[in-house]
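Colleague: Handing you this structure, nothing more for now.
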Protein chains: 4
Amino acid sequence: MKRVDLNCDIGEGFGAYTLANVDEASLLRVVTSANIACGFHAGDPATMRRTVEMAVELGVSIGAHPGLPDLAGFGRRSMNISPREAHDMTLYQVGALDAFVRAAGARLSHVKPHGALYNMAAQDAELAAAIAEAVRAFDDKLILFGLAGSHLLTSAAHIGLRRASEVFADRAYKSDAKLTSRRDANALITDPDTAARNVIRMVTEGVATSIENIEFPVRADTICIHGDTPGALTLARFIRRQLEDAGIVVRAVGLVE
Amino acid sequence: MKRVDLNCDIGEGFGAYTLANVDEASLLRVVTSANIACGFHAGDPATMRRTVEMAVELGVSIGAHPGLPDLAGFGRRSMNISPREAHDMTLYQVGALDAFVRAAGARLSHVKPHGALYNMAAQDAELAAAIAEAVRAFDDKLILFGLAGSHLLTSAAHIGLRRASEVFADRAYKSDAKLTSRRDANALITDPDTAARNVIRMVTEGVATSIENIEFPVRADTICIHGDTPGALTLARFIRRQLEDAGIVVRAVGLVE
Amino acid sequence: MKRVDLNCDIGEGFGAYTLANVDEASLLRVVTSANIACGFHAGDPATMRRTVEMAVELGVSIGAHPGLPDLAGFGRRSMNISPREAHDMTLYQVGALDAFVRAAGARLSHVKPHGALYNMAAQDAELAAAIAEAVRAFDDKLILFGLAGSHLLTSAAHIGLRRASEVFADRAYKSDAKLTSRRDANALITDPDTAARNVIRMVTEGVATSIENIEFPVRADTICIHGDTPGALTLARFIRRQLEDAGIVVRAVGLVE
Amino acid sequence: MKRVDLNCDIGEGFGAYTLANVDEASLLRVVTSANIACGFHAGDPATMRRTVEMAVELGVSIGAHPGLPDLAGFGRRSMNISPREAHDMTLYQVGALDAFVRAAGARLSHVKPHGALYNMAAQDAELAAAIAEAVRAFDDKLILFGLAGSHLLTSAAHIGLRRASEVFADRAYKSDAKLTSRRDANALITDPDTAARNVIRMVTEGVATSIENIEFPVRADTICIHGDTPGALTLARFIRRQLEDAGIVVRAVGLVE
């Protein structure tokens, strides 16, 4: 039996602010894991509490979504931080988010770095090792989410940390298994059929196809569903239905079958 | 001939964030003055530049809208700051906003403190004097916007600073000419006819009616139009039309007739 | 046998910044409990990690020291926050600090709100209840430090939370058991003999004397030692020696005798 | 007659915080130009006002010292910002600082980007052009300070902006005229005689010597004096005296002879 997790980023408001066009409550009804912003790139304490409570109520697995300390840039501008700084800012944010999870009577299940921190760690072994070590130091039962084939996953493996190999339904891949840049014209896959076909093949066959039409092996434990792209919710529902129709069990990574 | 200014707060996003339900470009087509957030309660540099450029393009008079350093609370939580601190944070924010106005080839016309800073200064003579002094020190041609009858206006008058007495179309008044609290059930006036009738009377007769149905004198140089209340845009357009139909000239405070 | 705890605030730097004149390593050798800043009024992640490691190494009991989100004002300017906001910002900061404590292989023992948050909660029953509830929700074994006789302590008692009644060695009291304002000329007690005599009497007899020379009952579980006043370190050492010479055991609140 | 400016960075505190070991008032008595932090990497409004007032009182030429929005990293961590973002954050900070200069009855004379922003712009033509354009848009009389031979200077030249070629007394150069990394063991020149001899030769002969002992041409309009290195003040005084003894006039860049 094949299975896969669907994860999305939520709680990405700040105070009175919201990101336009994100219907978080509906999105949470589609996914099985939620990555909740922890205050650095998004997410003030009140937003974090409400988001955690919503995720708990809807039975979604909860992860911390730590980012770079760059609210104005939404954590998407890479910064030249040291591994030690990456470690410390991960630990801080995971702890802060976990406090709300504990207060809500739930358990934190995973950690997924956000934006530039995720991308930097994917390509930098030292940053990846520092983040994995921070997660392990906080709770060695946590699962680290990282881009399929990236340093985040090898770093987690190296220290015996649980991990989930993440693929993207709505982003095009290059032949080296990396994501195309968000600035590329073809970076976003908006055709639902293409997106669904891609992820089903990743889950069932372990194979992905790059934007240059080259096949490469990929492991898909969890599929990232974006909430801030046009039609994101519709796409998410469509993908989930297609996965289930293909006989794939959609379930949070951490849950025992 | 009676005249009045319509002002609104804009540029109240931050980075990737927006306030839900505010259509700033449309709002700017209705008002004659815009108060632009300066980075403390809202408004990162990029948002400020874009907002200034939009206001310049639409020919709206531009004001700085300095607030308390409280992004998570949107500058609405009063803070126990000293007059000196109020002076310094006003000066900082007015200067920052003015840089974008200068770069856009325009001129800053006024300053309106935001949220809790506005309310605190309305009631505290020392804070009001410090803010008025900061405005004068920056540019003694600027116009200070303050709540009708408040310390902000008397402080401006005291040092010979130009000023505009502000009234609210969509907020209920108490008999002492103060605004009812936003937390009160009746704080917001949502009926367009009531709102329009109130402001026309303030402009033409200099009289307002409190929530307890008591009349009191008021001077209305400028009317605050909120953009973040439901139906704000429709209300703004309706009020402007009603004012004009009543023979009142709607024009920015600073403009020579 | 009489016993008392000595606590101090540390970790109050931020990035490259320090508070002038605070020798934290030496201070930690005198006290038995350390309240570590959690990022809102002071304390970036790197500072928090280093401070926690230092406290662990020196065997000092560790507490979280959450403050208002006001770095420029060092958390000393009161803000009009709701109880809900106080709850959420406490939970966030306690969780963040605890992450470093866990990573260092230690256990968090207490929570002491900082500056204006401490003072506001001392006088406002709703804020106090919200903070106590946040502490309990995080970990019901934690000890809440609060001003002797204040709402923080009654709130903790009300929900069965452990608590420590705090007195000040270097601050003058008013006859209602409240601290005199920092702005008062006589707010600080700088004479070592007076400070030591005062706290010994509070610990042994449960009595304090106000600035108006009125005696009032007080419970002294822990004595706050400031590190940022001139001669703070010398005063701290002197007080500790005087307490011990008077036969009082100086030990962290949470430790079993 | 040869002449040169001595500049230093000041106002680099934040709220209650200071950088250890910097005696700004004494430093200002040695230099002829001061670069004042503008709030992003350092410098809250109160610190900016006090620093500007001190610089005005001591007759030092005042420059804005805009940095990256990274208080915890003191603006020293490079960030992947767009030229547009560099433009906007420069404009914002220059305007904010200028407000205090105007309020103090003085005139802003120059702009020197700080830390990572300075280094990024030195090597990236698009960032440099965006910063130069922001300075020009604010006030086309301002002088842009940039590393000798860097893109900041060529960008300023390209749009007809006044500029000052900066050299460093206490930093070692590579043969390509770039600074060695702060992380290198030999990055700092601490021997006063070496430092003085180097800068005198740069000013009088227009020649510098790299760490590999290679000579290269350099233009020295202004010499950067750091305040946060050990013995900085003594070194600064020594260098000034040596320059004057060598017959070089030490005067702010913007001043007419």
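The values are calculated or read from the model by the stated rules, or taken from the named source; none is laboratory data. Computed from a prediction, not measured in an experiment: that's the story for all the values here. Backbone-built Cβ (ideal geometry, glycine too); neighbour counts: all protein chains shown.
Colleague: Examine the range C:46-66 for a residue that is within 25 Å of A:Ala103 (Cβ to Cβ) and part of a loop (DSSP other than H, G, I, E, B), and state whether such a residue exists.
Modeller: yes
Colleague: Continuing with the same structure: Please enumerate the residues belonging to the range A:142-157 that are in contact (Cβ under 8 Å) with a residue 60 or more places away in the chain and surrounded by fewer than 24 Cβ atoms within 10 Å (Cβ to Cβ). Walk me through how you get there before you give the answer.
Modeller: Start the filter on the range A:142-157 by keeping residues that are in contact (Cβ under 8 Å) with a residue 60 or more places away in the chain, which leaves A:143, A:145, A:148-149.
Scanning the range A:142-157 gives a single hit, A:Gly149.
Colleague: Going through the range B:22-56 one residue at a time, which ones are of a type in the set (S, T, N, Q) and modelled with pLDDT under 95?
Modeller: Here is the first cut: in the range B:22-56, the residues of a type in the set (S, T, N, Q) are B:26, B:32-33, B:35, B:47, B:51.
Once the filter is applied, which keeps residues that are of a type in the set (S, T, N, Q) and modelled with pLDDT under 95, the range B:22-56 yields only B:Ser26.
Colleague: Give the residue, chosen from D:Tyr92, D:Tyr118, that is farther than 26 Å from D:Ile225 by Cβ and at pLDDT 95 or above. Spell out the reasoning first.
Modeller: Working: D:Tyr118 fails: farther than 26 Å from D:Ile225 by Cβ.
D:Tyr92 is the lone residue from the list that is farther than 26 Å from D:Ile225 by Cβ and at pLDDT 95 or above.
Colleague: Out of (1) in contact with a Lys or Arg (Cβ under 7 Å, 6 or more places away or on another chain); (2) charged (D, E, K, R); (3) crowded, with 24+ Cβ neighbours inside 10 Å, the odd one out for C:Arg3 is which?
Modeller: (3)
Colleague: Also, I was wondering about something else. Provide a single number: the residues in the range D:190-213 that are over 26 Å from D:Arg163 (Cα atoms) and touching a helix residue (DSSP H, G or I) at 6+ places or on another chain (Cβ under 7 Å). Step through it out loud before you land on a result.
Modeller: Let us first name the residues in the range D:190-213 that are over 26 Å from D:Arg163 (Cα atoms), namely D:190-194, D:211-213.
Narrowing further to those that are touching a helix residue (DSSP H, G or I) at 6+ places or on another chain (Cβ under 7 Å): D:192.
The total comes to 1.
Colleague: Give the residue, chosen from C:Gly67, C:Gly59, C:Gly105, that is modelled with pLDDT of 95 or more, at positive phi and within 18 Å of the chain's Cα centre (by Cα). Talk me through it step by step, then tell me what you get.
Modeller: Working: C:Gly67 fails: at positive phi; C:Gly105 fails: within 18 Å of the chain's Cα centre (by Cα).
Answer to the selection: C:Gly59.
Colleague: Next up: Looking only at the range D:85-95, how many residues end up being out of contact with any strand residue (DSSP E or B) (no Cβ under 8 Å at 6 or more places or on another chain) and within 7 Å of another protein chain (Cβ to nearest Cβ)? It would help to see each step written out before you state the result.
Modeller: We begin by selecting, within the range D:85-95, every residue out of contact with any strand residue (DSSP E or B) (no Cβ under 8 Å at 6 or more places or on another chain); these are D:85-89, D:91-92, D:95.
Filter once more, so that each one left must be within 7 Å of another protein chain (Cβ to nearest Cβ): D:85, D:88-89, D:91-92, D:95.
The number of residues fulfilling the criteria is 6.
Colleague: While we're looking at this one, here's another question. If A:Asp139 satisfies all but one of (1) in contact (Cβ under 8 Å) with a residue 60 or more places away in the chain; (2) within 14 Å of another protein chain (Cβ to nearest Cβ); (3) not aliphatic (A, V, I, L, M), what's the number of the condition it fails?
Modeller: Of everything listed in (1) in contact (Cβ under 8 Å) with a residue 60 or more places away in the chain; (2) within 14 Å of another protein chain (Cβ to nearest Cβ); (3) not aliphatic (A, V, I, L, M), A:Asp139 misses just condition (1).
Colleague: Taking the options B:Ala121, B:Ala72, B:Ala116, name whichever one is part of a helix (DSSP H, G or I) and at the interface with another protein chain (Cβ under 9 Å from one of its Cβ atoms). Write out each step before concluding.
Modeller: On the way: B:Ala121 fails: at the interface with another protein chain (Cβ under 9 Å from one of its Cβ atoms); B:Ala72 fails: part of a helix (DSSP H, G or I).
From the options B:Ala121, B:Ala72, B:Ala116, the qualifying one is B:Ala116.
Colleague: I'm trying to understand the selection: among the residues of the range A:116-129, which are small (Gly, Ala, Ser) and crowded, with 24+ Cβ neighbours inside 10 Å? So that I can check it myself, show each step before the final result.
Modeller: In the first step, residues of the range A:116-129 are kept if they are small (Gly, Ala, Ser); the result is A:116, A:121-122, A:125, A:128-129.
Scanning the range A:116-129 gives A:Ala121, A:Ala128.
Colleague: Within the range D:214-239, how many residues turn out to be at pLDDT 95 or above, part of a strand (DSSP E or B) and touching a helix residue (DSSP H, G or I) at 6+ places or on another chain (Cβ under 8 Å)?
Modeller: Adding up the residues that qualify gives 1.
Colleague: Of all residues in the range A:88-107, which are among the charged types (D, E, K, R) and crowded, with 24+ Cβ neighbours inside 10 Å?
Modeller: If the condition is that a residue be among the charged types (D, E, K, R) and crowded, with 24+ Cβ neighbours inside 10 Å, then A:Asp88, A:Asp98 are the ones that fit.
Colleague: I'm told A:Met89 meets every condition in (1) assigned to a helix (DSSP H, G or I); (2) at positive phi except one. Can you identify the failing condition by its number?
Modeller: (2)
Colleague: Out of A:Thr204, A:Thr222, A:Thr234, I need the residue that is touching a Lys or Arg at 6+ places or on another chain (Cβ under 6 Å) and not aliphatic (A, V, I, L, M). Which one? Explain how you work it out, then say what you get.
Modeller: Numbers: A:Thr222 fails: touching a Lys or Arg at 6+ places or on another chain (Cβ under 6 Å); A:Thr234 fails: touching a Lys or Arg at 6+ places or on another chain (Cβ under 6 Å).
None of the others qualify; the one that does is A:Thr204.
Colleague: Can you give me the number of residues within the range C:166-184 that are hydroxyl-bearing (Ser, Thr, Tyr), surrounded by fewer than 21 Cβ atoms within 10 Å (Cβ to Cβ) and either touching a helix residue (DSSP H, G or I) at 6+ places or on another chain (Cβ under 9 Å) or within 19 Å of C:Ile225 (Cα to Cα) (or both)? Lay out the reasoning, then the answer.
Modeller: So in the range C:166-184, the residues hydroxyl-bearing (Ser, Thr, Tyr) come out as C:173, C:175, C:180-181.
With surrounded by fewer than 21 Cβ atoms within 10 Å (Cβ to Cβ) added as a condition, the list becomes C:175, C:180-181.
Now drop any that are not either touching a helix residue (DSSP H, G or I) at 6+ places or on another chain (Cβ under 9 Å) or within 19 Å of C:Ile225 (Cα to Cα) (or both), which leaves C:180-181.
The total comes to 2.
Colleague: Does B:Gly160 qualify as being assigned to a loop (DSSP other than H, G, I, E, B), surrounded by fewer than 21 Cβ atoms within 10 Å (Cβ to Cβ) and modelled with pLDDT of 95 or more? Please lay out each step first, then the result.
Modeller: On the way: assigned to a loop (DSSP other than H, G, I, E, B): yes; surrounded by fewer than 21 Cβ atoms within 10 Å (Cβ to Cβ): yes; modelled with pLDDT of 95 or more: yes.
Against the criterion (assigned to a loop (DSSP other than H, G, I, E, B), surrounded by fewer than 21 Cβ atoms within 10 Å (Cβ to Cβ) and modelled with pLDDT of 95 or more), B:Gly160 qualifies.
Colleague: Looking only at residues in the range D:185-231 that are of a type in the set (Asp, Glu) and within 19 Å of the chain's Cα centre (by Cα), which one is surrounded by the fewest Cβ atoms within 10 Å (Cβ to Cβ)? Talk me through it step by step, then tell me what you get.
Modeller: First, the residues of the range D:185-231 that are of a type in the set (Asp, Glu): D:191, D:193, D:205, D:212, D:215, D:221, D:228.
Filter again for within 19 Å of the chain's Cα centre (by Cα), leaving D:221, D:228.
Values: D:Asp221: 20, D:Asp228: 15.
Here the residue is D:Asp228.
Colleague: Now, a different point. List the pairs whose first member sits in the range D:97-113 and is facing chain B (nearest Cβ under 9 Å), whose second member is among the acidic types (Asp, Glu), and whose Cβ atoms are under 7 Å apart, counting only residues at least 6 apart or on separate chains?
Modeller: D:Ala104/D:Glu53
Colleague: With the checklist (1) more than 14 Å from chain D (Cβ to nearest Cβ); (2) surrounded by 24 or more Cβ atoms within 10 Å (Cβ to Cβ); (3) modelled with pLDDT of 95 or more; (4) assigned to a loop (DSSP other than H, G, I, E, B) in hand, flag the one item B:Arg77 doesn't pass.
Modeller: Looking at each condition in turn, B:Arg77 falls short on (2).
Colleague: Under 9 Å between Cβ atoms, which residue pairs at least 6 apart in sequence (or on different chains) link something in the range C:4-29 that is within 12 Å of another protein chain (Cβ to nearest Cβ) with a partner that is surrounded by fewer than 22 Cβ atoms within 10 Å (Cβ to Cβ) and of a type in the set (Val, Ile, Thr)?
Modeller: Matching pairs, first to second residue: C:Glu12/C:Thr18; C:Glu12/C:Val22; C:Gly13/C:Val22; C:Tyr17/D:Thr18; C:Thr18/D:Thr18; C:Leu19/D:Thr18; C:Ala20/D:Thr18; C:Asn21/C:Thr229.
Colleague: Of (1) surrounded by fewer than 24 Cβ atoms within 10 Å (Cβ to Cβ); (2) assigned to a strand (DSSP E or B), B:Val30 satisfies all except one. Which?
Modeller: (2)
Colleague: Can you pull out the residues in the range B:50-67 that are within 12 Å of chain D (Cβ to nearest Cβ), crowded, with 23+ Cβ neighbours inside 10 Å and either of a type outside the set (Ser, Thr, Tyr) or in contact with a Pro (Cβ under 7 Å, 6 or more places away or on another chain) (or both)?
Modeller: B:Val52, B:Ala64, B:Pro66
Colleague: So, one more: Of the residues D:Gly67, D:Gly63, which single one is in contact (Cβ under 8 Å) with a residue 24 or more places away in the chain and under 25 Å from D:Phe238 (Cα atoms)?
Modeller: Values: D:Gly67 fails: under 25 Å from D:Phe238 (Cα atoms).
After ruling out the rest, the residue left standing is D:Gly63.
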